[in-house]
Every structure is written in C-alpha cells, then in structure tokens.
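Below is one structure, written out as structure tokens; the observations come after it.
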Amino acid sequence: MVEPALDEELAIGMNAEKSDGIKAVLITEEQIQTAIRDIAAELDEACGGETPLMVGVLTGAVTFMADLMRAMRSHVQIDFMAVSSYGDETSSSGVVRILKDLNQDIANRHVIVVEDIVDSGLTLQYLLDNLRRRDPARISVVALLRKVKADAIDVQVDRVGFDIPDEFVVGYGLDYAGRYRNLPYIGVLNEDVVQKS
Ligand code: IMP
C-alpha cells in the first residue's frame with residue numbers, strides 16, 4: 001500500500017479552478033488508479049467465475065465504483081444504496097436512514113459493498129447489519145479510504161485502498177457541502193473553507 005503524503009505543490013496548478021480551496025493533494029490520480037487495478041485483480045481472483053453484485057453506497061462511492069468495475073475482468077452486476085447519516089457536515093452521528101434501497105434481492109448472492117471512506121465506521125456497520133439480514137451468500141467490503149483513528153469501531157472491511165490520517169478529505173467522489181466530487185485526486189481542504197461555510 002502506498003503511504004499517502006501531503007503534496008502542496010501538486011494542489012496548485014492541478015485543475016486550478018476545481019482545486020480552489022484545496023490545501024494539498026493527499027493521494028494522486030495515478031496512485032488511486034494503481035490501487036484500483038490491484039483491488040480489481042484481487043476481486044477477480046476472489047470471484048472465481050461467479051457474478052457478484054457490487055453495491056455502491058451513494059453518492060461518494062460512485063467514482064470509485066465506476067473505475068473499479070471497469071478494471072475487473074469478471075462479470076459483475078451493480079446496484080446502489082443511499083443512506084443518510086445524521087450529523088454535521090464533517091462528522092457522522094451513527095444514526096442512519098436508508099434513502100434508497102437496492103432494486104434487487106441479495107439472498108444467496110455474493111455481495112461486494114463498495115464504500116468511498118470509512119471514518120467512524122458507523123454508517124458501514126449499519127449498512128452491513130441491514131444487508132446481513134437479507135441472507136446473502138457472503139458479503140465482501142471494499143473501501144477506497146479508511147481514516148486511522150483510535151475511536152473507530154471495528155467494522156468489516158476486507159480491502160482498503162489507503163489508510164489516511166484523520167483529516168477531512170474531498171475529491172474522487174467525496175464532497176464538502178456538495179462540491180469537489182469531480183476532482184480526480186483526494187485532497188485536504190483549507191481550514192478557512194470549512195470555517196467560512
Ligand atoms: P462514518 O459513518 O463516520 O464512517 O462516515 C461515513 C460517511 O461519512 C462516508 O461515506 C462519507 O460520506 C462521509 N465522510 C466521512 N469522512 C469524510 C471525509 O473526510 N470527507 C468526505 N466525506 C466524509
């Protein structure tokens with residue numbers, strides 16, 4: 001796994017307009033795409049010819065899911081769930097509500113949950129408890145990012161792209177107040193962007 005390191009030079013000049021408010025690039029586009037190729041190869045191996053159902057958690061996981069499924073050689077089917085976790089703009093409270101459920105039954109299916117980021121782990125834990133009650137054959141969990149924090153709960157994550165410091169990050173699907181999702185890299189926001197809004 002590549003150790004993420006803040007690169008302030010890269011944040012300047014890269015997609016200048018979209019990057020406004022970004023203090024530093026934490027994970028470059030190239031590092032993300034390399035990690036995705038590795039994860040896809042491992043998932044292909046684990047699928048062993050079966051067709052899994054990839055479940056993307058809206059909205060942040062859309063970018064990761066789109067790249068990950070195209071990097072896989074196996075047949076896959078996809079579906080999405082949307083959950084809202086009550087909390088402020090930069091932290092979740094663990095109280096979760098399903099806003100959009102799956103379109104299909106997952107009984108006896110191999111389900112691959114695709115998450116953008118595991119922070120406290122509360123959202124994922126709620127989601128997994130919910131999905132496990134539907135009798136899938138098995139559930140694998142892939143997360144692009146996981147924050148390293150002492151008080152995170154112990155939740156199932158089978159494969160992580162990058163363990164990152166406990167900072168608020170945006171880009172590659174992740175937003176702050178609805179913006180920055182279309183950055184091709186993961187960046188750290190300037191403190192004044194968070195304070196101003
Ligand atoms: P958790 O329940 O604390 O693990 O938070 C999970 C959800 O919070 C993620 O799926 C994101 O939508 C959001 N989130 C947590 N940390 C960040 C961050 O650093 N940037 C953007 N969104 C985040």
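The set of residues in the stretch 38-60 being β-branched (Val, Ile, Thr) and either farther than 23 Å from Thr123 by Cα or assigned to a helix (DSSP H, G or I) (or both) consists of Ile39, Thr51. Among the residues of the stretch 114-172, how many are more than 12 Å from the ligand (Cβ to nearest atom) and among the polar types (S, T, N, Q)? Total meeting the criteria: 3. When Val25 is tested against (1) farther than 25 Å from Asn190 by Cα; (2) within 16 Å of the ligand (Cβ to nearest atom), only condition (1) is not met.
Residue count for the stretch 104-137 under the criterion of being without any contact (Cβ under 8 Å) to a residue 24 or more places away in the chain and closer than 24 Å to Ser74 by Cβ: the result is 1.
Scanning the stretch 173-197 for residues that are out of contact with any Asp or Glu (no Cβ under 6 Å at 6 or more places or on another chain), buried (at least 20 other Cβ atoms within 10 Å of the Cβ) and part of a loop (DSSP other than H, G, I, E, B) yields Tyr180, Leu183. Those strands (runs of 3 or more DSSP E) of the stretch 61-172 in which 3 or more residues are surrounded by 13 or more Cβ atoms within 10 Å (Cβ to Cβ) and aliphatic (A, V, I, L, M) occupy 77-88, 110-118, 138-147.
Coordinate-derived values only; no laboratory data. Being a predicted model, the structure only gives us computed values, none of them experimental. Virtual Cβ from ideal backbone geometry, glycine too; neighbours counted across all protein chains shown.
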